[in-house]
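First the structure, in the form of structure tokens, and then the observations on it.
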Amino acid sequence: MIIEIENLHKSFKLNGRKDELHVLNGITTGINKGERVSVIGPSGSGKSTFLRCINRMEEPTSGSIKFNGQDITSETCDINEIRRHIGMVFQHFYLFPNLTVRENLTLAPVQHKIYTPKEADDRAKELLSRVGLLDKIDEWPDRLSGGQKQRVAIARALAVNPDVLLFDEPTSALDPEMIGEVLEVMKELADSGMTMYLVTHEMGFAKEISDRILFIDKGVISEEGTPSDIFDNPKQPRTIEFLSKVLRR
Amino acid sequence: MITRNNNNNLQDLQKRYGMARGDIVLAVCAVILLFLLYRSGFFTAESWADFARRFEQNFIRESRYMMLVNGLKATIFMTFFSTLLGIAVGLILSVIRVAHKGGVRIPFLNWLANCYITVLRGTPVMVQLLIWNFTIFASARTLNLQYIAILAFGLNSGAYIAEIFRGGIESIDGGQMEAARSLGLSYGKSMRFVILPQAVRNVIPMLFNEFIALLKETSVAGYIGIDDLTRAGQDIQSLTMEHSQPLIMVALIYLAIVLLLSHLIKRLENWLSRSKRG
């Protein structure tokens, strides 16, 4: 397994209150190389927090996360080095508006000395043509549509050659007509064998590309299985209820 | 939010009275100018000739206008380099404070930065100038006084500019830092390549405002014996025994520069909000 998560807990301190909000209550799971795992569940169930713990965007309260056998929650671990190998795509893209598309893609690889500036530039072109945006290479992010921004954001995450990609609701902030172009890029990525964690509300897409589905509710994995297990044969009452709500439309 | 509301109120006023903002400003300036001319004897003097004679005495004879020119040079020199020093100091202070708040463990540096800001903002800049000159550099009498002034004004404005930068940094969406960190960039590199360029761009107009503030603040430099613009006016006063004309001329010079800079800031703001970069 490339990532192993054991008994992961996360709680947030609430402003001005003594009690804590327990978001994750003991999650044990993992992902194999080349596997595509989708995380679904109701709002506030902790699925985004779960994803953000994997590259320590959120500090886990307790539990262990191992990347290639190395515990990334330990004090001695160089988290910047780990994050190079675990890319993340955000709901709101977060392209750097002070940099052109090209610079967005070349900043991190050049800083990490993965590539020389020349190589990074070639790699940027290659990635942009892969997401169909080579003609936007010298554009400012603010001049792109939402769908284009997200495709650039995916290319940016790929520019440091990560082993795993984390997608945090990548299509939730998009206008409906732009969702397709982003899903297409992700599908292509999934077919190329990228290891992917995907938090999503796009049930159809999750079913199509995933090897495995995690249903998270109240901070625990309440059901887990292949897409057909979960979508066609859900066992837990909560899963059945959730799916009946989201699949009805 | 507050400034936006004020803007709306101002726009209402302008609509109601059918005046553009520039018109109001010009009208007020004209009234002040007329009053100043009145005080300098423009209308009350026995004659035009009298005003012209005194004007000649104050500014033309023995090339006294050169005193003002040299004073202006000193003022602009001090203001310019104080602002640069202030920006450098302010940037460092603000990054320390923001980094501390953002989880980087630098409690001692943060404590130092807080002390610095508290002390320099909590005492008058003139007192600081006097302390620099008469206490800290008391024995360094060969040092150019203007350098001491630049140090005093620059370090003082650094405390204010730190707050400007802090506001600028904190106005950047937290997702920008997360996105940079998610690529494996360190906190420092994320700051340097992603956050600060955006923050600095947002606060450029405020830095120009600080320049204007400093331009006026340096008028106390005469207290340590620097012949700045204000002091030049006073020097002419003592040469010609003339009360009004030299100081009013000094005031008009300051005002002209401030108006020019304000105009530039406005154009800059328009340009910044129109350009797509950021």
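Below 8 Å, C-alpha to C-alpha, sequence gap of six or more: please give me the relative contact order for segment A:1-110 in percent. The partial results should precede the final answer.
Details: 137 pairs, mean separation 29.0, N = 110.
So the answer I get is 26 percent.
Could you tell me the center-to-center distance, by alpha carbons, between segment B:167-234 and segment A:183-221 in angstrom?
45 Å
Please figure out what share of the DSSP beta bridges in segment A:124-249 is antiparallel and state it in percent, rounded to the nearest 5.
Numbers: 5 of 10 bridges.
Bridges in segment A:124-249 are about 50 percent antiparallel.
If contacts are Cα pairs under 8 angstrom and at least 6 residues apart, what is the relative contact order of chain B in percent?
Details: 246 pairs, mean separation 69.8, N = 278.
RCO, chain B: 25 percent.
Would you please give the residues with an amide H less than 5 Å from that of A:Ala173, counting only those at least 5 places away or on a separate chain, with H modeled from the backbone geometry?
Result for A:Ala173 returns nothing.
What's the angle, to the nearest 10 degrees (0 to 90), between helix A:117-130's Cα axis and the longest principal axis of chain A?
60 degrees
Once the Cβ-Cβ distance between A:Glu177 and A:Glu20 is put in as r, and R0 is 41 Å, what FRET efficiency do you end up with, to the nearest 0.05? Before the final figure, lay out each step's value.
Details: r = 41 Å, r/R0 = 1.01.
So, using R0 = 41 Å, E works out to roughly 0.50.
Counting only protein heavy atoms, what percent of the accessible surface of the protein assembly as shown is carbon or sulfur at a 1.4 Å probe? Could you put the intermediate results ahead of the total?
Numbers: 15120 of 26370 Å².
For the protein assembly as shown, the apolar C and S fraction of the accessible surface comes to 57 percent.
With labels modelled as points extended 7 Å from the Cα through the Cβ direction, what inter-label distance (nm, one decimal) is found for A:Gln236 paired with B:Leu239?
My value for the distance between the label points is 8.9 nm.
For the protein assembly as shown, what is the percent of antiparallel DSSP beta bridges, rounded to the nearest 5?
Working: 21 of 38 bridges.
Just about 55 percent of them are antiparallel.
Work through the residues other than B:Asn114 whose Cβ is under 14 Å from its Cβ and net out their charges, Lys, Arg +1 and Asp, Glu -1.
Working: positive: B:Arg97, B:Lys101, B:Arg121, B:Arg166; negative: B:Glu163.
Once all neighbours under 14 Å are counted, the net charge is +3.
Using only protein heavy atoms and a 1.4 Å probe, report how much of B:Lys266 is accessible, in Å² to the nearest 10.
Ignoring ligands and nucleic acids, B:Lys266 comes out at about 120 Å².
How many lysine pairs does segment A:1-108 hold where the Cα atoms are under 19 Å apart and the two sit 8 or more places apart or on different chains?
Numbers: A:Lys10/A:Lys18; A:Lys10/A:Lys47; A:Lys10/A:Lys66; A:Lys13/A:Lys47; A:Lys33/A:Lys66; A:Lys47/A:Lys66.
The result is 6.
What does the structure give for A:90-100 when I average, per residue, the other chain Cβ atoms found within 10 Å of the residue Cβ? Mind dumping the intermediate values first?
Working: counts 4, 1, 4, 2, 10, 2, 11, 10, 13, 6, 1.
Across the residues of A:90-100, the mean count of other-chain Cβ atoms within 10 Å is 6.
Under Stokes-Einstein, with the Kirkwood radius over Cα pairs standing in for Rh, what whole-number D in µm²/s applies to segment A:54-143 at 20 °C and 1.002 mPa s? Don't jump to the answer; show the numbers that get you there.
Numbers: Rh = 15.0 Å.
Estimated diffusion coefficient is 142 µm²/s.
Counting heavy atoms of the protein chains only and a 1.4 Å probe, report the per residue accessible area for the protein assembly as shown as a whole number of Å².
Numbers: 26370 Å² over 527 residues.
Heavy-atom SASA per residue in the protein assembly as shown reads 50 Å².
May I ask for the angle, rounded to the nearest 10°, between helix A:101-111 and the longest principal axis of chain A, with both axes built from Cα atoms and the value confined to 0 to 90°?
Once rounded, the angle reads 80 degrees.
Provide a list, ordered by number, of residues in segment B:182-205 showing at least 10 Å² less accessible area with every protein chain present than when their chain is taken on its own, using a 1.4 Å probe.
B:Ser182, B:Leu183, B:Gly184, B:Leu185, B:Ser186, B:Lys189, B:Phe193, B:Val194, B:Pro197, B:Gln198
So for segment A:58-212: antiparallel DSSP bridges make up what percent, rounded to the nearest 5? Don't skip to the end; give the middle numbers.
Working: 2 of 11 bridges.
Here the antiparallel bridges make up roughly 20 percent for segment A:58-212.
Report the trypsin sites (Lys or Arg not before Pro) located in segment B:35-132 that are in a DSSP loop and have at most 16 other Cβ atoms inside 10 Å of their Cβ, or state none. Intermediate values should be presented prior to the final figure.
Values: sites: B:Arg39, B:Arg53, B:Arg54, B:Arg61, B:Arg64, B:Lys73, B:Arg97, B:Lys101, B:Arg105, B:Arg121; in loops: B:Arg64, B:Arg105.
Hits after loop and neighbour filter: B:Arg105.
Would you mind checking the tilt of helix B:229-240 against the longest principal axis of the Cα atoms of chain B, expressed as 0 to 90 degrees and rounded to 10?
10 degrees
Between A and B, buried accessible area summed over both sides at probe 1.4 Å, in Å² to the nearest 100? Intermediate values should be presented prior to the final figure.
Numbers: alone 11890 and 16650 Å², together 26370 Å².
Adding both sides of the contact gives about 2200 Å².
What is the set of long-range amide H partners of A:Asn32 at a cut-off below 5 Å, with H atoms built 1.01 Å from backbone N?
Here A:Ile2 satisfy the definition.
Given the DSSP H assignment, sum -39500 (n - 2.57) over each helix run of at least 4 residues in chain B and divide by its residue total; what's the result at 222 nm in deg cm²/dmol, nearest 500?
Numbers: 12 runs with 206 residues, N = 278.
Taken over chain B, the calculation gives -25000 deg cm²/dmol.
The values are calculated or read from the model by the stated rules, or taken from the named source; none is laboratory data. None of these values were measured; they are calculated from a predicted model. Virtual Cβ from ideal backbone geometry, glycine too; neighbours counted across all protein chains shown. Just so you know, the surface numbers come from the protein's heavy atoms only, side chains and all, with ligands and any DNA or RNA stripped out. Shrake-Rupley method; radii C 1.70, N 1.55, O 1.52, S 1.80 Å.
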